[in-house]
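The values are calculated or read from the model by the stated rules, or taken from the named source; none is laboratory data. Bear in mind the structure is a predicted one, so any value in this text is a computation, not a measurement. Don't worry about glycine lacking a Cβ; one is built from the backbone with ideal geometry, like all the others, and counts go over all protein chains shown. These area figures cover heavy atoms from the full protein model, side chains too; ligands, DNA and RNA do not enter into them. Shrake-Rupley method; radii C 1.70, N 1.55, O 1.52, S 1.80 Å.
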Amino acid sequence: MRYQLSITKPKYILIAVVLLITIVSVFYNYSLSSKLEELKKNLATRNNENERLAAAIEKERQEDTYNFDENLIVIYNRVPKTGSTSFVNLAYDLCKKNHFHVLHINITGNMHVLSLPNQIDFVRNITAWKQMKPALYHGHMAFLDFSKFGMPIKPLYINLIRKPLDRLVSYYYFLRYGDNYRPNLVRRKAGDKITFDECVEQQMADCDPKLMWLQIPFFCGHASECWEPGNTWALAQAKRNLVQEYFLVGLTEQMEEFISLLESALPRIFRGSLDHYVTSNRSHLRQTTSKIAPNQGTVDKIQGSDVWKMENELYEFAAQQFHFMQKKMTLPGKNIPQSYMYEKIRPK
């Protein structure tokens, strides 16, 4: 009896082990098969999504289906005290009539440079924000290169530039007396009666020539060198960006001509802008309430600084480009608009 039990017990254990292995194997194979099927489905779904995305991109690339006007994005990274309020309010007046959006870029603490996370967020946001196209974005922000972030489409940059000493004098008195745009707002230096001439004579901080270093960094961009007063690389980069990255840069002293060029080139947004600017009160917005022109001695001192020389070099460079664009609007010596055509016949 004991002998039979000793033989039978291992036999049952062996059968149980075999059964257990069989069950585990069946379960494992079923589980693996299910996972493979699920993986195939997910892969097929992703492939379908990629194909749809690729087809959509290819469709948009077709010239006859992509509407450039309705996807237009214009960025006006406005330099302070260059007549930007007048120009921006012109856009606000026209946006309802011309059916486009105007959005203000408001950066914390009036900073002109975006943090790295905000740079990529801003670039992605306005590129993909279909509900807000076409649009004109404006704000006191340095130039930002969209191609740096791998964007397939870049916006059109525009700007205005002003004679550097005129801009500094205007800002100096603006901080003390305000303007006619918000006459009841008390400015930071309200009550200070020191003239700009006296400020320069006493070598005070509020008229330091380094304060003119603003238009160069606005055109230069987000690099640290852009914001170092007197940096020669920053001036070169500002010039490069002005020519290669800006659609049009106008002069504060020739606002009407700037608006006229924009209306001719981008009628989707600026249609009717020149007539509205001339006939409305937009050309007189934000004039400094009290401003005293500097004497010749003050002008000589300011113009002797390296910062003025560099800022003025950028201004003269911008003026040269702007006047060149104006001249090319018509045939030489004639008031006939330039035109072009396509020809399939080989020229003789």
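Using alpha-carbon positions, what is the distance between the centroids of segment 114-142 and segment 66-92, in Å?
13 Å
Taking R0 as 41 Å, what's the FRET efficiency between LYS291 and GLN320 from their Cβ-Cβ distance, rounded to 0.05?
On the way: r = 28 Å, r/R0 = 0.68.
Efficiency at R0 = 41 Å is approximately 0.90.
Which pairs in the list LYS81/LYS327; LYS154/LYS309; LYS97/LYS133; LYS81/LYS133; LYS97/LYS334; LYS133/LYS163 are over 22 Å apart, alpha-carbon to alpha-carbon?
LYS81/LYS327; LYS154/LYS309; LYS81/LYS133; LYS97/LYS334; LYS133/LYS163
Quick one: if you stick a label point 7 Å off each Cα along the C-beta vector at ASN106 and GLU37, how many nm between them?
5.6 nm
How high is the FRET efficiency from ASP306 to MET329, r the C-beta distance, R0 51 Å, rounded to 0.05?
0.90
With r as the distance between the Cβ atoms of GLU228 and LEU175 and R0 = 30 Å, compute the FRET efficiency 1/(1 + (r/R0)^6) and round to 0.05.
Computed FRET efficiency for LEU175 and GLU228 comes out at 0.80.
Sort TRP213, TRP233 by heavy-atom solvent-accessible area, probe 1.4 angstrom, most to least.
Ranked list, largest accessible area first: TRP233, TRP213.
Taking the Cα-to-Cβ direction at ASP206 and at ASP192 and moving 7 Å from each Cα, how far apart do the two end points lie in nm?
Calculated label separation equals 0.3 nm.
From largest accessible area down, sort GLU201, GLU263; use a 1.4 Å probe on the protein chains. It would help to have the intermediate numbers written out before the result.
Working: GLU201 125, GLU263 50 Å².
Listed by decreasing accessible area, they come as GLU201, GLU263.
Run the simple label-point estimate for ILE23 and GLU343 please: 7 Å along Cα→C-beta, distance reported in nm.
So the label points at ILE23 and GLU343 sit 8.9 nm apart.
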